[in-house]
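J.: Submitted below is the structure of interest, expressed as structure tokens.
Please treat every number below as a calculation from the coordinates, not as lab data. None of these values were measured; they are calculated from a predicted model. Note that each Cβ is placed from the backbone with ideal geometry, even for glycine, and that neighbours are counted across all protein chains shown.
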Amino acid sequence: MHQALAFRTAGQGLYEITREVVDAIPRDVVDGQCCVFVRHTSASLVIQENADPTARHDLERWIRRLVPEGDPLYTHTSEGRDDMPAHVKSALTATSLTIPVVDGSLALGTWQGIYLWEHRTAPHARQVLVSVVG
């Protein structure tokens, strides 16, 4: 089973998509695997803390420091100063996640959530594919 989910971002940041992914899992799947895949090269997916928003804030600050915009090292600049850093950030994180489905639920830990990480500064329409086998 595959389902494409559409998300609209407001610019850089972590957007929790756990509920939408859970809702995409067919009710008849008791045990299996859920693969979540982002169809873009300037956004990524991560599983992170979903209780304290300061964890997301710290991650965003950390990656901006690690991969600064406007670095003179970049030659891919035709799409703006945030585009190449977005590609690097995507390469350093993940474009797909695999999460077990156990007893009909995603086997996430108590404080874990699934996040779409937008790396571009402008708002974007993003597509995430959820594929479930079980």
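J.: Filter the range 107-131 down to residues that are β-branched (Val, Ile, Thr) and either free of Cβ contacts under 8 Å to residues at least 60 places away in the same chain or closer than 22 Å to GLU69 by Cβ (or both), then give me how many there are.
T.: Just the residues of the range 107-131 that are β-branched (Val, Ile, Thr), to begin with: 110, 114, 121, 128, 130.
This time we only want the ones that are either free of Cβ contacts under 8 Å to residues at least 60 places away in the same chain or closer than 22 Å to GLU69 by Cβ (or both), so: 110, 121.
Residues in the range 107-131 being β-branched (Val, Ile, Thr) and either free of Cβ contacts under 8 Å to residues at least 60 places away in the same chain or closer than 22 Å to GLU69 by Cβ (or both): 2 in total.
J.: Which ones in the range 13-48 are surrounded by 19 or more Cβ atoms within 10 Å (Cβ to Cβ) and assigned to a strand (DSSP E or B)?
T.: LEU14, CYS34, VAL36, VAL38, ALA43, SER44, LEU45 - these are the residues of the range 13-48 that are surrounded by 19 or more Cβ atoms within 10 Å (Cβ to Cβ) and assigned to a strand (DSSP E or B).
J.: Here is a further query. Name every residue in the range 108-132 that is within 27 Å of ILE25 (Cα to Cα) and surrounded by fewer than 13 Cβ atoms within 10 Å (Cβ to Cβ), in order of residue number.
T.: Just the residues of the range 108-132 that are within 27 Å of ILE25 (Cα to Cα), to begin with: 108-119, 124-132.
GLY109, THR110, TRP111, ALA125, listed by residue number.
J.: Could you give me the residue pairs with C-beta distances under 6 Å whose first residue belongs to the range 46-57 and is closer than 19 Å to VAL128 by Cα and touching a residue at least 12 places away in the same chain (Cβ under 8 Å), whose second residue is part of a loop (DSSP other than H, G, I, E, B) and not acidic (Asp, Glu) wherever it lies, and which are 6+ apart or on separate chains?
T.: Taking only residues 6 or more apart or on different chains, the pairs are VAL46/THR93.
J.: Which members of the range 49-104 meet the condition of being assigned to a strand (DSSP E or B) and touching a helix residue (DSSP H, G or I) at 6+ places or on another chain (Cβ under 7 Å)?
T.: Pass one, the range 49-104, residues assigned to a strand (DSSP E or B): 49, 96-102.
Selection gives GLU49 alone.
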